[in-house]
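The values are calculated or read from the model by the stated rules, or taken from the named source; none is laboratory data. Keep in mind that this is a model prediction, so the values were computed, not measured. Positions of Cβ are backbone-derived with ideal geometry, glycine not excepted, and every protein chain shown enters the neighbour counts.
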Amino acid sequence: MKKIILLCLFSLSLCNVDAQKILKSFPFYIDGTFKKDYDEYKAGTPLKFNQLVLTERGANGEETLKAAVVVDNTQFAIPYSQLNVMALTPTDNKSFWEYKALQNDIYEKIWDKGYQYDIRQDLNDEATEYIKNLNSSNLFYEDPYTEDYVNGLFASVIYNNFNDKRLGTLNVYILKSPAPDSFILPNGSLVLSTGLLSTLDSEEELTAIMASEVSHFVLDHAIINVNKEVAREKRAAFWGGVVGGVLAAGEEYLMSKSDYYIPGTATAAVALISSAIFDKTSQRLGMTYSRDQEKVADQCAIEFLKMKNMQPSALASGLTKIKNYYEDHRDFYTLSKYGPYAEFDKRIERLGENKECTINHRYNKIMSTVNTFNSILMLNGKRYDDAALLVNKNIRNKVASDDDYVLLAKTNMALYNTEEKNNESLSLILKAKSITEVPNLNTDKQEILALLRLNKQGKAASSLKEYIDHLSAFLDQTRSADDSTWASTELNWANKLLQRINIL
């Protein structure tokens, strides 16, 4: 109650001094000290920064921005231009992000130019349209456990009720894409790709990436960058073209054929998305950040990690893994000055020490299903080595599932046809069968193919009969037209193959 009374007294005092009128005020509750002597207060004196106040002074209507500071229960004003006399120490998400907005003059810019609601509303509608298109195209990864985990990490980074009236609410989506991408939309939606989750190895790395992206939102970088006067294609046409074009390219690239079946997700094969979707999005929504904006956002992330007692090197570690992915995949455009990750090397170099974070077993255990999903995307795209790398990551971390062993067998058989490799593939399939009691249609089919390669027709015939039984049971249970079509096609193939084996 004392704090409220103090604030009221301060407001009244401002009104009484030279006929001041309060135009706007925002609360802040951040502890700190004076960095140097100020009036009667010595350097090192503890203080509380309580609010920013914009006042109108005198007949000419001159506006004055001040900070309300409390020392020993006495509140007084410090001119905005002299805020550097204070050393503030945020201790939670709320005070941290509001302090960063204050440090980067966001409140001053808002008060100088207004909230620019027309631009904010336009960008908010753009971002909403984009999310709507992705969702309707089945391009978001849906797994309650993984989503809850990522949302929990994001909640540990953000603070939704900022001291301003910007549109949007901070939230997170997971995009089906093996390329490691992340970007925050002007409405506060953070989009992380499944590829990013697979590329990183720890909660600290993911937290660092999240904090850097949130910094762009808090510091209004998209609003600063967008040029209102540039001719813009109609919203629905633009986003429909972006998402539709990516889906069409995915269909063509994958030849409309899924090599690995996932019940209930018959369209999963078309979810292979290039970084082009990120590139176009960033240009459209003012998210092509300048070198200075990236530098400021990265520094915010490092300071956030320090506040949370996390490794500051986590950001450099995570960014290096993203860079290595694009280099390993020879995607040099993405890292070029024309691509969405321009000057990545310089960005990492600026961060200083590049010490790889300790691999976090809990993180890798939770992300094992994401690794498997990305491996399936790679396999469906005929990128067998990449699929094997993701599966081997799960095996190396001792979090592999039956799907992982089948996928590794499938990549082996796609790349090699020797007796040694075929026997190795069969061993992997048997390993898959040994760690689950639930029938896996992919395991059944791959076992049949491995046995035929090894010229074991009798065992292949037995496996075919088992596969036919499992398919029939699946067909009886499914209510999906796509799944029914797939199962009927497989049944036809299995019965014909069984006839050929029996004739031989």
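Odds and ends about this structure:
- Test: Arg166 is under 26 Å from Gly339 (Cα atoms) and surrounded by 15 or more Cβ atoms within 10 Å (Cβ to Cβ): no
- Any hit, segment 447-465, residues being within 23 Å of Leu377 (Cα to Cα) and without any contact (Cβ under 8 Å) to a residue 24 or more places away in the chain: yes
- The helices (runs of 4 or more DSSP H) falling completely within segment 94-161 that include 2 or more residues that are of a type outside the set (Lys, Arg), modelled with pLDDT of 95 or more and loosely packed, with under 15 Cβ neighbours inside 10 Å map to 144-155.
- Checking each residue in segment 390-404 for being touching a residue at least 12 places away in the same chain (Cβ under 8 Å) and in a helix (DSSP H, G or I) picks out Leu390, Val391, Asn392, Lys393, Asn394, Ile395, Asp402, Asp403, Asp404.
- Residue in segment 61-78 that is modelled with pLDDT of 85 or more and not in a strand (DSSP E or B) present: yes
- Criterion (touching a strand residue (DSSP E or B) at 6+ places or on another chain (Cβ under 9 Å), at pLDDT below 70 and either surrounded by fewer than 17 Cβ atoms within 10 Å (Cβ to Cβ) or in a helix (DSSP H, G or I) (or both)) met by exactly one of Ile273, Ile277: Ile277
- Ile359 vs. criteria aliphatic (A, V, I, L, M), under 30 Å from Ser182 (Cα atoms), touching a residue at least 40 places away in the same chain (Cβ under 8 Å) and not in a helix (DSSP H, G or I): yes
- Selection of first residues in segment 170-189 that are on the phi > 0 side of the Ramachandran plot and of second residues that are not in a strand (DSSP E or B), restricted to Cβ pairs under 7 Å at least 6 apart or on distinct chains, gives the following pairs, ordered by first then second residue: Gly188/Gly168; Gly188/Thr169; Gly188/Leu170; Gly188/Phe217.
- For segment 396-424, the set of residues classified as closer than 25 Å to Asn364 by Cβ and hydroxyl-bearing (Ser, Thr, Tyr) consists of Ser401, Tyr405, Thr411, listed by residue number.
- Among (1) modelled with pLDDT under 95; (2) assigned to a helix (DSSP H, G or I) - the single one Met210 does not satisfy: (1)
- The residues on offer are Met307, Met367, and the sole one that is surrounded by 18 or more Cβ atoms within 10 Å (Cβ to Cβ) and not assigned by TED's automatic domain parsing to the domain that holds Asn440 is Met367.
- Of the residues examined, Arg479 is one that is in the same structural domain as Tyr405 (by TED's automatic domain parsing), modelled with pLDDT under 95, among the charged types (D, E, K, R) and on the phi < 0 side of the Ramachandran plot.
- Scanning segment 306-353 for residues that are under 19 Å from Ala208 (Cα atoms), part of a loop (DSSP other than H, G, I, E, B) and of a type in the set (Ser, Thr, Tyr) yields a count of 2.
- Selection status of Asn492, part of a helix (DSSP H, G or I), without any contact (Cβ under 8 Å) to a residue 12 or more places away in the chain and farther than 17 Å from Asp404 by Cα: yes
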